[in-house]
Amino acid sequence: MGSLPPSLDLPPPPSKNPQHERVSETTLFNLFKAQQGYLNYFFQNLDLSQALSFTETLLNSQGTIFFSGVGKSGFVANKISQTLVSLGIRSAFLSPLDALHGDIGALSATDILVLFSKSGSTEELLRLIPCARAKGVYIISVTSVPNNALANACDMNVHLPLERELCPFDLAPVTSTAIQMVFGDTVAIALMGARNLTTDQYAANHPAGRIGKSLIFKVKDVMKKQDELPVCKEGDLIMEQLVELTRKGCGCLLVIDEEYHLLGTFTDGDLRRTLKASGEAIFKLTVGEMCNRKPRTIGPDAMAVEAMQKMESPPSAVQFLPVIDRQNTLIGIVTLHGLVSAGL
């Protein structure tokens, strides 16, 4: 194959200069220490009365709490809004650009609009204010530069003290956005406490995630039952129950009487130990002779996460728990594999 014509030659990969690409542990440590100092400056100089007024205003909102911002501040505003939504508080992110092209229609006189801007001179937000005010919205600015245009144009301003950015040029918004996030998330948790949000309510807003599952799922939601149960009677010969021991995928037999009361369990580990200790005599042994008569059990209404904790508790972990009712009747089995598969 001939060489490519000059116009199609690919440029060489960028050369590496180790002197410019290395970051020493000392440099990184010093940066973290510096950022810690800048964050401490924020905590030490924050006007708590302003923060409290802001928090109480959001708490008393009768409408939707809208957040807006541009660039990195916009990302922070969006994240804080989503945090409030996850706590069951009506909130939404309003893009300042989209607002000026129709989305301003989402605002009503009972709403609050919170504008995040480090400088307080963001043009897009300043253009948004008269439009929002025409809708009767209460407007709050959250800024870091004193005496800025945005603060002067809003109904309330919260000043977030900023010593400087961690960026060596004092330009990249890496400290200002950090304190915005800390401020917004702290206020969110204050609102969570004031509204007496319960774990059940929180879980209801997170049904698909691990948090929600651990707070919502009960044993009866994840257990195997009926035909899925590897059951046998105590008089059954061990060797006649090998298929049942393996085919249900539970790694055990659940030993029951005629009324389905749980008498004990016999695991594949018990099988190996019995075979090693008894040799050929195993062919005459019954499950009832070798089963564990005091297995760990759990009720159907217990939380699934409690089942996992019970499996992992001392003196030794187990892979399953028989599920019984108050009359010791077997109604299911929950396995570690099943809990993991459910996302717990």
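The values are calculated or read from the model by the stated rules, or taken from the named source; none is laboratory data. All values reported here derive from a predicted model rather than from experimental measurement. Because the Cβ atoms are built from the backbone with ideal geometry, glycine has one as well, and the counts that use them run over all protein chains shown. Just so you know, the surface numbers come from the protein's heavy atoms only, side chains and all, with ligands and any DNA or RNA stripped out. Shrake-Rupley method; radii C 1.70, N 1.55, O 1.52, S 1.80 Å.
Within the stretch 40-60, can you find the residues that are surrounded by fewer than 17 Cβ atoms within 10 Å (Cβ to Cβ) and not in a helix (DSSP H, G or I)?
Scanning the stretch 40-60 gives Asp47, Asn60.
Scan Gly264, Gly249 and give me the residue that is among the small types (Gly, Ala, Ser), open to solvent by 40 Å² or more (accessible area, probe 1.4 Å) and either over 23 Å from Gln327 (Cβ atoms) or free of Cβ contacts under 8 Å to residues at least 40 places away in the same chain (or both). First the steps, then the outcome.
Numbers: Gly264 fails: open to solvent by 40 Å² or more (accessible area, probe 1.4 Å).
From the options Gly264, Gly249, the qualifying one is Gly249.
How about the stretch 139-156: which of its residues are open to solvent by 40 Å² or more (accessible area, probe 1.4 Å) and touching a strand residue (DSSP E or B) at 6+ places or on another chain (Cβ under 8 Å)? Spell out how you get there, then give the answer.
If we filter the stretch 139-156 for residues that are open to solvent by 40 Å² or more (accessible area, probe 1.4 Å), which is where we start, we get 145-147, 149, 152, 155.
Selection gives Pro146, Asp155.
Picking from Glu280, Glu240, Glu234, Glu259, which residue would you name as being surrounded by fewer than 15 Cβ atoms within 10 Å (Cβ to Cβ), acidic (Asp, Glu) and touching a residue at least 24 places away in the same chain (Cβ under 8 Å)?
On the way: Glu280 fails: touching a residue at least 24 places away in the same chain (Cβ under 8 Å); Glu240 fails: touching a residue at least 24 places away in the same chain (Cβ under 8 Å); Glu234 fails: surrounded by fewer than 15 Cβ atoms within 10 Å (Cβ to Cβ).
That would be Glu259, the only listed residue that is surrounded by fewer than 15 Cβ atoms within 10 Å (Cβ to Cβ), acidic (Asp, Glu) and touching a residue at least 24 places away in the same chain (Cβ under 8 Å).
Looking at the stretch 302-344, which of the residues that are in a loop (DSSP other than H, G, I, E, B) and of a type in the set (Ser, Thr, Tyr) is surrounded by the fewest Cβ atoms within 10 Å (Cβ to Cβ)? Write out each step before concluding.
Step one: list which residues in the stretch 302-344 are in a loop (DSSP other than H, G, I, E, B), which gives 302, 313-319, 325-328, 342-344.
Adding the requirement that they be of a type in the set (Ser, Thr, Tyr) leaves 313, 316.
Working: Ser313: 11, Ser316: 6.
Result: Ser316.
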